[in-house]
Amino acid sequence: MYVNYMSMVDFGQLSIPRNKLGKPPRSANATPLIATPQKIDSSHVPDLFTPLTAGALSLDNRIVMAPLTRTRASDDGVATDVMVEHYAQRASLGLIISEGTFPSPAGKGFLGQPGLVTPEQLAGWKRVTDAVHAEGGVMVAQVMHAGRASHPDISGLPTEAPSALAIDGETRTAAGKVAYPVPRELTLDELPGIVDAFVTGSQNAVDVAGFDGVELHAANGYLLHEFLGATSNIRTDSYGGSPENRIRLVVEVATAVAARIGAGRVGIRISPERNIQSLIEDDRDDVIAVYGALMDALAPLGLAFVSILHPSPESDFVQDLRARFGGPFLVNNGFSDATTRDEAVALMADDLADAIVVGRAAIANPDLLRRWREDLGQNALVPATIYADGALGYTDYPAHGEAQTEQN
Ligand SMILES: Cc1cc2nc3c(=O)[nH]c(=O)nc-3n(C[C@H](O)[C@H](O)[C@H](O)COP(=O)(O)O)c2cc1C
């Protein structure tokens, strides 16, 4: 199965104007809620290669493997042998965040996506986490309900979302590319079931599948993000409208999962202004209100981390979110171009993050920690094999000093 990765949903079309650095322009009326943080003496700032304690998670270094959907699971959503090898190869990174995994059948968003539902799926993940732990790694499961980005031909169930608004575009089913469906609007009395799915999935991830914790996926246009977004959530009940209402489900999920597995094992991913999957966040004032309220509501929970995907970590907006959350703040600034070593080093030196989340460079470099620590250079990503079958482009990227394979 060859799929152009640029066509996959996490890398959909950006619809906001971009300057030549690939960053969205600052809104003229943006009103930072705190002043730009003062530059601090960088000799006291931890660098990429120092440990970090994030709640109950002890990271040996501050390079975090981003959640990366790779569609290598079986049709039943069970992790395969190559997944065991792939993740174990990358165990030297301070923390591995798994690809998005579905906590309920309706939450499945991709063919070849692994789940956290059946005993077989949990046993499959246990093989992965055992292998990662044997290599000294730390790994959390990204718990992801795809919301309106799913399709009945993928999940076998009606597609569910905050509002009956379809994504403009196509997804890939076994029959090929098809338009995203108009989702069913979740009723008020169904929302506790969504919270329960995240809680049960997270508990199973930790208790049965052996993960060290979870990352709640509230980013990139999937269900939790859809509740946050003004263009995807047009509900008129207590889960729509005001910022307080739009953050309600996300806060309920985070609170309930933290209560069940311990806040120190729970992180959450957000991607304000990602502008993906028809979820457009181009009103800076609204974005500040929603994500500011979200950070204020999450702060007292004592979560392990917030992970943010945003092109401008240095902005007042992002640093204000960091200050409001007050705990470990993981940053991924990759958008059009993959995160580079120099960017990661600079983000840490400028004290803009507590750890750096790295996607495409981690795909192409199983020994990314050593390569970046010793500045050894790195393998180039081969986009054509991102969603290939099996080992190709997955477990066959060479470590430094190993022979390059034909595919790479
Ligand atoms: C192949 C691929 C799959 C991805 N899958 C996920 C995913 O499952 N969950 C998620 O939150 N982000 C996902 N992303 C986004 C990455 O986590 C990351 O934010 C993005 O690659 C930008 O970082 P980079 O510039 O270091 O690659 C994916 C990105 C790529 C390239």
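The values are calculated or read from the model by the stated rules, or taken from the named source; none is laboratory data. Just so it is clear, the structure is predicted and the values come from calculations on it, not from any experiment. When we count neighbours, we look across all protein chains shown, and the Cβ atoms used for this are built from the backbone with ideal geometry, even at glycine.
Filtered by the rule that a residue be among the aliphatic types (A, V, I, L, M) and within 13 Å of D207 (Cα to Cα), the stretch 118-136 gives L122, A123.
Looking at R246, R265, R235, just one residue is under 20 Å from M139 (Cα atoms) and of a type in the set (K, R), and that residue is R265.
Within the stretch 193-214, one or more residues are under 23 Å from V318 (Cα atoms) and either buried (at least 21 other Cβ atoms within 10 Å of the Cβ) or out of contact with any helix residue (DSSP H, G or I) (no Cβ under 6 Å at 6 or more places or on another chain) (or both).
Of all residues in the stretch 125-143, those satisfying the criterion of being in a helix (DSSP H, G or I) and either free of Cβ contacts under 8 Å to residues at least 24 places away in the same chain or within 16 Å of the ligand (Cβ to nearest atom) (or both) are W125, V128. Looking at the stretch 338-359 only, could you name the residues that are under 17 Å from the mean Cα position of the chain (by Cα) and either in contact (Cβ under 8 Å) with a residue 24 or more places away in the chain or more than 13 Å from the ligand (Cβ to nearest atom) (or both)? A338, A353, D354, A355, I356, V357, V358, G359, listed by residue number. Please verify whether E170 is touching a strand residue (DSSP E or B) at 6+ places or on another chain (Cβ under 6 Å), of a type in the set (D, E) and either modelled with pLDDT of 95 or more or crowded, with 24+ Cβ neighbours inside 10 Å (or both), treating the condition exactly as stated. Yes: the conditions hold for E170.
Residue under question is I167, and the condition is that it be in contact (Cβ under 8 Å) with a residue 24 or more places away in the chain, β-branched (V, I, T) and closer than 28 Å to S238 by Cβ; does it hold? Criteria met by I167.
Could you please let me know if A297 is in a loop (DSSP other than H, G, I, E, B) and more than 22 Å from V357 (Cβ to Cβ)? So A297 fails the test.
Pairing each residue of the stretch 360-376 that is over 16 Å from T50 (Cβ atoms) with any residue that is of a type in the set (G, A, S), provided the two are 6+ apart or on different chains, yields C-beta distances under 6 Å for R360/A338; A361/A338; P366/A399; D367/A399; L368/A361; L368/A362.
Listed by first and then second residue, the pairs with beta-carbon distance under 6 Å, at least 6 apart or on different chains, first residue in the stretch 285-311 and closer than 19 Å to V257 by Cα, second assigned to a strand (DSSP E or B) and among the aromatic types (F, W, Y), are V306/F329. Here the stretch 305-320 is the region considered, the condition is being buried (at least 21 other Cβ atoms within 10 Å of the Cβ) and more than 14 Å from the ligand (Cβ to nearest atom), and the residue that is nearest to A349 (Cα to Cα) is Q319. Would the stretch 384-398 turn up any residue that is at pLDDT 95 or above, farther than 25 Å from E99 by Cβ and within 16 Å of the ligand (Cβ to nearest atom)? No, the conditions are met nowhere in the stretch 384-398. Only one entry of F317, F329 meets the criterion of being more than 30 Å from G393 (Cα to Cα) and touching a Lys or Arg at 6+ places or on another chain (Cβ under 7 Å), and that entry is F329.
Identification of strands (runs of 3 or more DSSP E) wholly contained in the stretch 39-124 with 2 or more residues that are buried (at least 22 other Cβ atoms within 10 Å of the Cβ) and within 12 Å of the ligand (Cβ to nearest atom) yields 63-65, 95-101. Residue under question is D153, and the condition is that it be surrounded by fewer than 24 Cβ atoms within 10 Å (Cβ to Cβ), farther than 22 Å from H86 by Cα, free of Cβ contacts under 8 Å to residues at least 24 places away in the same chain and among the acidic types (D, E); does it hold? No. When the helices (runs of 4 or more DSSP H) confined to the stretch 300-397 are screened for residues that are closer than 22 Å to V214 by Cβ, those reaching at least 1 such residues are found at 316-325, 360-364. When we screen L216, L223 for residues that are touching a Pro at 6+ places or on another chain (Cβ under 9 Å) and either within 13 Å of P103 (Cα to Cα) or modelled with pLDDT of 95 or more (or both), the only hit is L223.
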